[in-house]
Amino acid sequence: MADELQLLLLSRPQIIQNTTPIFIFHKAQALFYYLAVTARPHQRTALLSFLWSHIPENNRKNNLRVTLSYLRKHFGEYLSINRHTVSFNQNANYWLDVDVLKNALQASPKTIERLQEVVKLYQGPFLEGFHVPEEKEFETWVTNMRKKLQDLVVQALHTLALRYQELGNYTESIDCLNRLLLLQPWREESHQLLMMLLATSGQRSAALEQYEICRQMLEEHKRLPSTELTKLHEEISTGKLVVANNATVTPQTVGCFMENDLPPQRQIESEQQVTLMYCHWHDIHTQLTQSPEVWHILQQYCTQHLLGVIHQFGGQVIYQYNGGLLVAFSGTETPESNAQHAIQCGLQVLKAVGSAAEIKTHQLSLAIHTGLVLMEKVKINGHQHYLNLIGQPLDIVQELARQASPNALLISNDTYSLVKETVACQQFGNSEYNFFGSNIYQVQAISSQ
């Protein structure tokens, strides 16, 4: 409605009416926000010590009286004021993001749509950057509210990750967990769920990388990995954790609860030759780039800028994690065509990253390998298919990307044999010491032939 008052308090606070920001003096803001969020009557005497504790009592009363008169002038219909109490008028026409967030989380069932609404609303910490440093009671209230709301959002992100995992949407599930870890990087159960998601989808190397991130974060907080996390790491690193054709590992395995959990239906097709591309980020300053915030920037850059390029060349994203991408090319009639499309895509991706001003901490390398994999189609509740790949080529292409120099595109000998007539390459390194004992080539350009 046109006259609706909007209070945006999740991030830097704003008061908006009729699409116009309203600016009021600092203590008036503090009082107005407090009344709106607490949604109950407050004794005038309590408000005196809440916002004017450091001045004589007579001055406190005068300051409260002046502030209330000022607020009544600007927001009279939104306040209920009498001789003893002051409160926010719950029947007025207003919208408060804190209320919407809490109501969405209290609703049942907690659908994906409601959880998405919560995540979208949370633009930053409660009253970010807003302080009344001389008033300890007010500052304590803000700190407690900030923590309470962040905890609610963290729980919403965790639940949303589970919902996406139910539907087989691993990209969205992992993105939720990454955002969660920006807020609470010490949360071991979320690191553990990430490891499980990656490992059970065939991404063993990425799962092991996640363990190292978690271990370092726990170390900073003077904690050791739990027995469960250590056991999971051991099972992944030794290959004991295997995803059977007719089995699924659900969040219950890592101590979580998922409502209405139904086992996915898995359909393993015959072996198929696929060209895989893997994107790997290299730290420029290792000691500065371990934070979840950095990984989130890389993840967001891939989502906003690289996925369009990949789809343009017919690539299908199998998984996306911390900016790393595993992409499959299998949609054309011939293996040669798939390999050519993958290389064209890789060169275009490197070009895009090379001109990206927002990437300051990392450089990208790419690898491409062609091999036989099992293609597994998974169906959740009769719909929402997703594709999983099983086979050694996944490990080969990831290891190949790590061997590559920054800003380089390497291809395996198997891929080179398909494109050697159309792609200009030079041999890279010594085949005796590489991961799988055959020649590796660095792509220079698409040949003009």
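Where a number appears in this text, it was derived from the coordinates with a stated rule and is not lab data. What you see is a predicted model; the values in this text were computed from it and never measured. All Cβ positions, even for glycine, are placed from backbone atoms using ideal geometry, and neighbour counts span all protein chains on display.
Some points to look at:
- For the range 1-166, the share of DSSP beta bridges that are antiparallel, to the nearest 5, is 80%.
- At full extension, Lys136 and Thr38 could sit 33.5 nm farther apart than now, given 0.36 nm per residue minus the alpha carbon distance.
- In order along the range 228-237, the phi-based Karplus estimate (6.51 cos²θ - 1.76 cosθ + 1.60, θ = phi - 60°) of 3J(HN,Hα) comes to 5, 5, 5, 5, 4, 4, 5, 5, 6, 5 Hz; Gly and Pro are listed as x.
- Computed from the Cβ-Cβ distance with R0 of 22 Å, the FRET efficiency linking Gln116 to Arg12 stands at 0.45.
- Exposure proxy for Cys302, Cys425: other Cβ atoms within 10 Å of each Cβ, ordered fewest to most, give Cys425, Cys302.
- Shape of the range 82-240, Cα gyration tensor, a/c cut at 1.5: oblate
- Filter on Lys102/Lys222; Lys102/Lys136; Lys120/Lys360; Lys73/Lys136; Lys148/Lys222; Lys61/Lys136 - keep pairs with C-alpha separation over 21 Å: Lys102/Lys222; Lys102/Lys136; Lys120/Lys360; Lys73/Lys136; Lys148/Lys222
- Close amide H contacts of Tyr319 (hydrogens built in the peptide plane, cut-off under 5 Å, sequence separation of 5 or more or a different chain): Leu326.
- Peptide ranges 45-51, 56-62 listed from the most packed, as the mean C-beta count within 10 angstrom indicates: 45-51, 56-62
- Summing +1 for each Lys or Arg and -1 for each Asp or Glu among the other residues whose beta-carbon sits under 14 angstrom from that of His26 gives -1.
- Each label was represented as a point 7 Å from its Cα along the Cα-to-Cβ direction; for Gln312 and Ala92 these points are 5.1 nm apart.
- For Leu79, distant residues with modelled amide H under 5 Å away: Asn89
- The overall shape of the range 1-166 is prolate: from the C-alpha gyration tensor, with semi-axes ordered a ≥ b ≥ c, the ratio a/c is 1.5 or greater and a/b exceeds b/c.
- When the Cα gyration tensor is reduced to axis lengths a ≥ b ≥ c, the ratio a/c is 1.5 or higher for the range 1-93, and with a/b above b/c it is classed as prolate.
- Fewest-first sequence of Ile368, Ile55 by Cβ atoms within 10 Å of each Cβ: Ile55, Ile368
- Summed side-chain charge close to Tyr122 - residues other than Tyr122 whose Cβ falls under 12 Å, Lys, Arg +1, Asp, Glu -1: 0
- Around the amide H of Ser11, modelled in the peptide plane, lie the amide H atoms of Gly124, Phe126, Leu127, Glu128, all under 5 Å away and 5 or more residues distant in sequence or on another chain.
- Alpha carbon centroid spacing (whole Å) that separates the range 117-145 from the range 324-352: 47
- For the range 36-49, Karplus couplings with θ = phi - 60° (6.51, -1.76, 1.60), whole Hz, Gly/Pro x: 5, 6, 6, 6, 8, x, 10, 5, 4, 4, 5, 5, 4, 7
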